[in-house]
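The values are calculated or read from the model by the stated rules, or taken from the named source; none is laboratory data. Predicted, not measured: the structure shown is a model, and the values here were computed from it. Here the Cβ positions follow ideal geometry from the backbone for every residue, glycine too, while neighbour counts run over all protein chains shown.
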């Protein structure tokens, strides 16, 4: 009897995560606002921008788009994996991944997005190398390599787990 009550409370507690995902929707709106600001600023100054500034501006817009995609992945796959299944019946136009990203896929997509965002930050620093300190450049490279290495090891551990059938996590 007590065990059943505890199990019901534990299973029901997953709904405590729902406000987090709704909060991420608000965060996505903030990123959209910043994307709009960046896009307006970038296009308003387009005629006067140097090639370097054009690349840096484009990377800034891409960076925000990737961040938005990352948030969207976390919202849908996190909700689907930890709170409740999303009923895709009758929604043929929804992207297929929305209701099919498992926890392993989520981890890989998240790390892939983080590596891309980190790479864009590094590329932006290289584009303005004369204004970037050696220390800042060192840390950008170190963090990027850490993300890349972590991604490779995570993918490798998931691959090994899939081949052996044993959970390594």
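Brief remarks follow.
- Look at region 38-55: where a residue is closer than 22 Å to residue 126 by Cβ and a partner is part of a helix (DSSP H, G or I) and at pLDDT below 85, sitting 6+ places away or on another chain with Cβ atoms under 7 Å, you get 52/127; 55/127.
- Candidate set from region 1-19 (those that are in contact (Cβ under 8 Å) with a residue 40 or more places away in the chain and either in contact with a helix residue (DSSP H, G or I) (Cβ under 8 Å, 6 or more places away or on another chain) or not in a helix (DSSP H, G or I) (or both)); member that is farthest from residue 78 (Cα to Cα): 14
- With respect to the conditions (1) farther than 30 Å from residue 49 by Cα; (2) assigned to a helix (DSSP H, G or I); (3) without any contact (Cβ under 8 Å) to a residue 40 or more places away in the chain, residue 86 lacks only one, and its number is (2).
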